[in-house]
1. Over what distance in Å are the Cα centres of the range C:185-264 and the range A:127-188 separated?
2. Give me the distance in nm between label points sitting 7 Å out from Cα along the Cα-to-Cβ direction at C:Ile183 and B:Leu327, one decimal.
3. What's the magnitude of the charge dipole for the range B:240-349 around its Cα centre, counting Lys and Arg as +1 and Asp and Glu as -1 at the beta-carbon? Answer in Debye, nearest 20.
4. Apply the a/c threshold of 1.5 to the C-alpha gyration tensor of chain C and tell me whether it is rounded, prolate or oblate.
5. Between C:Ile42 and A:Ser72, what is the FRET efficiency for a Förster distance of 56 Å, r being their Cβ-Cβ separation, to the nearest 0.05?
6. What is the list of residues in the range B:56-80 whose amide nitrogen lies under 18 Å from a point 7 angstrom out from the Cα of B:Asp28, following Cα to Cβ?
7. Label the range B:47-171 by shape, choosing from rounded, prolate and oblate, from the square roots a ≥ b ≥ c of the eigenvalues of the Cα gyration tensor; if a/c is under 1.5 it is rounded, and otherwise prolate applies when a/b is larger than b/c, oblate when it is not.
8. Only sites in a loop by DSSP and with at most 14 other Cβ atoms within 10 Å count here; which trypsin sites (Lys or Arg not before Pro) in the range B:66-150 make the cut?
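Here, each number is a calculation from the coordinates, and none is a lab measurement. A quick note: this is a predicted structure, and the numbers were derived from the prediction, not measured. As a convention, Cβ positions derive from the backbone with ideal geometry for all residues, glycine included, and neighbour counts pool all protein chains shown.
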Amino acid sequence: MSNEHTAGPHSVGRRLIDLVPHIVLIVGVLIFAFPIYVTLIGSTWDAATIGRGSLPMTPGGEAWTNYSQAWSESHGERASYTPVRLMLMNSLIMALSIAVGKIAISILSAYAVAFFRFPLRMVFFWMIFITLMLPVEVRIIPTYKVVADLGMIDSYAGLAIPLIASATATLLFRQFFLTIPDELVEAAKIDGAGPLRFFFDILLPLSKTNIAALFVILFIYGWNQYLWPLLVTNSADMETIVIGITKMIGTGEAANDWNLIMATTVMAMLPPVAVVVFMQRWFIKGLVDSEK
Amino acid sequence: MATVEIKNVRKSYGPVEAIKGIDIAIQDGEFLVLLGPSGCGKSTLLRMVAGLESITGGQVVIGGRVVNDLEPKDRDIAMVFQNYALYPHMSVFDNMAYGLKIRGVDKAEIESRVAKAAEILELGRFLTRRPSQLSGGQRQRVAMGRAIVREPAAFLFDEPLSNLDAKLRTQMRIEIKRLQDRLGITSLYVTHDQVEAMTLADRVLVMNHGVAEQIGTPLEVYQRPASLFVAGFIGSPPMNVLDAVIDPSGQGVMMPGGALLPLARPRPNDANRPVKLGIRPEHLAINEDGLDTSPVLVELVEALGADTVVYGRLPDGEPLLIRMSGLPSCTEGDRLAVAPQPGALHLFDTATGRRLED
Amino acid sequence: MQRRVIFDNKLLPYLLLAPQVAVTLIFFIWPASQAVWQSVHIQDAFGLRSEFVWFENFTAILSDPNYVGTLRITAVFSLSVAVLSMAVALLLAALADAKIKGAAVYKTLLIWPYALAPAVAAVLWMFIFNPEIGSLGRLLNAMGYNWDYRLNGDQALTMVILAASWKQVSYNFIFFLAGLQAIPRSVLEAANIDGAGPVRRFWTITFPLLSPTTFFLLVVDMVYAFCETFGTIHALTHGGPGKATETLIFRVYQDGVVNNDLGASSAQSVLLMVILIVLTTIQFRFVERKVHYS
Ligand SMILES: Nc1ncnc2c1ncn2[C@@H]1O[C@H](COP(=O)(O)OP(=O)(O)OP(=O)(O)O)[C@@H](O)[C@H]1O
Ligand SMILES: [Mg+2]
């Protein structure tokens, strides 16, 4: 912007004005990064340093001890915990089952609704649609009762299955299916493809981008579940990592294994943040498309 | 290779009858063009042959087999669509091979058939590309390749050239003609472009509002249109149609202005009968004698280079088009005496619009 | 809307729908109707008999001053979260959308907090604002400000609002950015030629054109604040001190799980569903209209 042409008294002021957006954005970035930085630093110090409230702004030497202890051991200085290794596994299984399950059952039902005509079609469509209005949180207690009656407490099935009905994903796929040209379907019919062949050979490959995009946001949705796993898991072996952290913190007294908590927090953030950063394109597409 | 017979085929969408009973037997290896204005039911008829649309009444017979209740895949036909309908995620090779794979043709056979089709269509260099990496004309060729490799009993084309620009369309038209001559596969070809119809067809079926107005060779359709509709649809600029009356002796036909045009074959039985008189613009000539003709007032002259179109008006106000070869020999405001070439008069019934046969 | 070209098959569509329908029936429709049923019944102490009581459960909770307080807190909380997170997001999006160097980098650095669970976001805030171990928490106290969100209700509410908004900014940022990018450049250029400066351009052109996005986000953020922030509150304050940060969802959890009072929690669930259905219906009606006019 500012070059030889805008020389004179103007250019300095002009340059400062050009800087304002950068300054605001950098402040924004810092506000979002600061807590993470503190946590990263904290995870490299010992519990006492953190507990005294005198955490330095530079890394300490306890990183290996903290991470390896949190990763595999079931107790710290002051209490016993579920090892991160196990909790990560639980979170991973839950997030993957929810993401894959939601995509699978949604794409099948969207296929049925978009490509077939049958009695009660709209009834089913509206039934799925209604689920969009009721997040699990608002019907949590009765849903919990159903899961308890089915004996699914403390199981992966109980963690995932009640969450995999998805109106959003169904609507998204249906929307996409409606854009597939009729002639493409007819060409496939003439080539001899029946409905299942068409689904697997043509529709599924064409839906790749949509599947990838949905997968990213559904994985994060699943990973970040809180109230539901809090209710349906009692055994420490079934704890997900997000729940695990708040259990470790308890009432937040100063005398806590803060070093382990911070290491655990870092490990809890890593998978979903990695997914967002490395699959940014899919992530944004999934987020924006699924809200259309 | 096979014959395709369409026997009194009908199609209704609810109360609306889109096809009102069409009959035609297409010979083995024949190229039949379905021609008609938009919405006349060409695609519907073709899609009933393909099995993409259910048949409300009548029969479709392919190779001697009634196919009414067969799925498209069991009818032994291949189809080329206007928008190509290529599978976007498959390579050119896979697009062509897909139908064969589903039918369980063995790999070596698939490869040799695709290779052969690719050679015919000059697609050899593109076999590994995706459709999105091809030009419109190349995509069109892949769509044809997909039909060819199947070696079907019949090809069905639904306006395959409509998405191409004018120059490419002409080029592909010639290619399709060559291809069909070479392969000799029975073909049904839908278009609303009369030039395509005239150049490609062995026979043309002219459709209007779900009925066959005329079935005949391109020349028959041009020279002896069976109805006012065909007369107006085929030929460019369109045929002049005037209200006229057969003279009392049946020897000629009287124009509104009073001029008498002699008939090639007298119609004594039709004496004094009002008729619609059709004369093609290219069959009108300036009459040097000025005898028995009406003076035409020239309103507009379009010089197209090779020929000239004159927009004129008869004394009673009827418009009249005249097409002459060469450069214009008149200008606006001139009065011309014009007369039709002998034997170039078409007579139609005023009520039904059907041709009055000689 | 329906495709013209379809497949003919009698059984297959039902098989394809079966999993989704089964899950919906068992885990959505059935429990939701259970909640409705329970909300108009009262069970005896042993859970053996239940009596139909019309709207008694509803009048009971709505006349409970505690519940009304919870409603008020929920309203304050949700609106604050929505407004705060949208304002910050809009500011950042407007700046990052402009043609400045490194816009892509800023975007990446601003969207990742979306990946954090609300509870984890709350924990991060605790690491900083805890009056004993948090650097800023201690700093506040050292400056003579009596900061302890575990004892002071207003401070607790501020804390959960900030933590919940902090996490939602990235979501709003992404949508504002998408909305901004959908505004035709030519409109802004026309305003520029008409002589409007950047700030004026923003308020008279950009902001009105963004209103569909803004409205959409308002609803989404309210729903987020109603439901997902359970984790934030559970991790930070457990609804306390007292009931200073108890939102509707938290109270449902308290009554249903901790106190095991099914009638009361069902009536609350039903109220929540009504609120949610109203919110989403407004949103759909609005989205439909938007689709109509564009
Ligand atoms: N699914 C349908 N439901 C109701 N009417 C239909 C349907 N499909 C076609 N029609 C009607 O049937 C008639 C014939 O349609 P068709 O597509 O065969 O026309 P066409 O001759 O191919 O025209 P074009 O040159 O525009 O492709 C039209 O009047 C159309 O409106
Ligand atoms: Mg058509």
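1. Answer, in whole Å: 24.
2. Each label point lies 7 Å from its Cα, and together they span 6.1 nm.
3. 340 debye
4. Oblate, since a/c reaches 1.5 and b/c is not below a/b.
5. Values: r = 50 Å, r/R0 = 0.90.
Efficiency, from the Cβ-Cβ distance: 0.65.
6. B:61-66, B:76-77
7. oblate
8. B:Arg103
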